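Have a look at the structure below before the remarks.
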Amino acid sequence: MMLLPCPWCGPRNVTEFRYGGRAVERPDPGTTSPERWRRYLHLQKNPLGWDTENWYHSAGCRRYFAVQRHTGTNEVRAGEAST
C-alpha cells in the first residue's frame, strides 16, 4: 500500500487520489509554437529517481498538491500545496 501525504488531510491511501502528472512548467498555448505544445502534451520524460508530481485528492479535500516521489521505489516526500 502506498500512502500520499496530503497537506490538508494527512497521509491517505493512494486510491483516494488522481495522478496529475509531472510538475513541469506549462507553455502558454496562445504564444507557444505548435511543436513546443506537441512536445509538452506527448513527450514526457520518465526519469528513474526523485521527481516532483502533482496529485489531486479526489476522495478528500479536492485540492491539488505536489509531492516528490522516487519512481523506482515509490518512496514519497512530504507534499505541498499547488498554486
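Structural remarks
- Search result, residues across the stretch 1-25 that are in a loop (DSSP other than H, G, I, E, B), open to solvent by less than 90 Å² (accessible area, probe 1.4 Å) and not small (Gly, Ala, Ser): MET2, PRO7, CYS9, PHE17, VAL24
- Here the stretch 26-70 is the region considered, the condition is being part of a loop (DSSP other than H, G, I, E, B) and farther than 27 Å from CYS6 by Cβ, and the residue that is least open to solvent (accessible area, probe 1.4 Å) is PRO27.
- Applying the set (1) in a helix (DSSP H, G or I); (2) open to solvent by 80 Å² or more (accessible area, probe 1.4 Å); (3) modelled with pLDDT under 95 to THR83 leaves exactly one unmet item: (1).
The values are calculated or read from the model by the stated rules, or taken from the named source; none is laboratory data. Computed from a prediction, not measured in an experiment: that's the story for all the values here. Note that each Cβ is placed from the backbone with ideal geometry, even for glycine, and that neighbours are counted across all protein chains shown. Surface areas here come from the heavy atoms of the whole protein model, side chains and all, with no ligands, DNA or RNA. Shrake-Rupley method; radii C 1.70, N 1.55, O 1.52, S 1.80 Å.
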